[in-house]
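One structure is given below, encoded as structure tokens.
The values are calculated or read from the model by the stated rules, or taken from the named source; none is laboratory data. Computed from a predicted model, the values in this text were never measured in an experiment. Here the Cβ positions follow ideal geometry from the backbone for every residue, glycine too, while neighbour counts run over all protein chains shown. Accessible surface is based on the protein model in full, side chains and every heavy atom, while ligands, DNA and RNA are left aside. Shrake-Rupley method; radii C 1.70, N 1.55, O 1.52, S 1.80 Å.
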Amino acid sequence: MKSISKEEWEKKLATVDISKSELNKLVMNYLVIEGYQQAAEKFQEESGTVSMVDLNSIADRMAIRSAIQSGDVEKGIEIVNDLNPEILDTNPQLFFHLQQQKLIELIRKGMINEALQFAQEELAPQGEENNKFLEELERTISLLAFEDINKSPLSSLLEHSQRQKTASSLNSAILASQSQDKDPKLPTILKLLHWAQSQLDTKCTYPKIVNIPTNFQ
């Protein structure tokens, strides 16, 4: 197996032309999409890297994410509509999933009558127009068939990951409406680096970068 010394490796890396401004854009892209408003503002001030979007809009996205993840779907929808009502008006699947999450929250609180009424008035009409929505509605309503919903086969709907999934879908839609990437580029690049090194490991030895994070939220 071929062995590449540190000196030779660094010499090859030096031939790759990557500007500092491009690296700064990657960092800004990550901070904006992941919602680190204060860090993005500080980075913009210190590096001179100007964000392509109003950094104040990050606060709105984070308030929406926080509301959904805490179970206050109504508040999340209200903030979205104040920000841009077209986001939900033009995305029936996203709107259905938000309503589905609201139904889950009613069931979680034991508000059975309210849950049934909400499902019948708000979700059933959407299910009549879309079989996939109807299947998801029936699955959610099936929670009511169990005396202890936390021990039902559908208990995953009650997990925090379900709220996170809904919040992430909404966050992606907001980013798309602002002509931003839905996912930060930096994690993808790091995952690509991890893959590239795994390929090199079978062909040669080299100064390998260790402890590469690949699990991003």
**OP:** Using semi-axes √(5λ) of the Cα gyration tensor in Å as the read-out, say which of (i) 25, 19, 17; (ii) 28, 22, 16; (iii) 43, 23, 14 was calculated from these coordinates.
**Re:** (iii)
**OP:** Take the solvent-accessible surface of the protein heavy atoms, probe 1.4 Å, and return the percent of it on region 1-72 that carbon and sulfur atoms account for.
**Re:** 52 percent
Original post:
Points 7 angstrom from Cα along the Cβ direction at VAL53 and ASP201: gap in nanometres?
Top reply: 3.5 nm
Original post:
Nearest 20 debye, what's the magnitude of the dipole of region 45-85 about its Cα centre given +1 on Lys and Arg Cβ and -1 on Asp and Glu Cβ?
Top reply: 160 debye
Subject >> Those lysines that a straight Cα-Cα span of less than 24 Å connects to LYS75, excepting residues fewer than 8 apart in one chain >> reply: LYS102, LYS109, LYS165, LYS182
Original post:
Could you give the dipole magnitude of the chain about its Cα centre, charging the beta-carbon of Lys and Arg +1 and that of Asp and Glu -1, in debye to the nearest 20?
Top reply: 1280 debye
Subject >> Cα shape, region 149-217, gyration tensor, a/c 1.5 rule >> reply: oblate
Original post:
If you place +1 on the Cβ of every Lys and Arg and -1 on the Cβ of every Asp and Glu, how big does the dipole about the Cα centre of region 122-217 come out, in debye to the nearest 20?
Top reply: 800 debye
**OP:** Pick out which of LYS12, LYS20, LYS191 has the largest mean-square fluctuation in a Gaussian network model of the chain, springs linking Cα atoms closer than 10 Å.
**Re:** LYS12
Original post:
Relative to the longest principal Cα axis of the chain, at what angle does helix 73-83 sit, 0 to 90 degrees, rounded to 10?
Top reply: 60 degrees
Original post:
Pairing the Cα long axis of helix 160-177 with the longest principal axis of the chain, what angle in degrees results, from 0 to 90 and rounded to the nearest 10?
Top reply: 70 degrees
Subject >> Solvent-accessible area per residue, Å², over the chain with all protein chains present [probe radius 1.4 Å] >> reply: 63 Å²
Original post:
Which entries of LYS20/LYS191; LYS2/LYS208; LYS12/LYS185; LYS6/LYS208 show an alpha-carbon separation above 18 angstrom in the structure shown?
Top reply: LYS20/LYS191; LYS12/LYS185
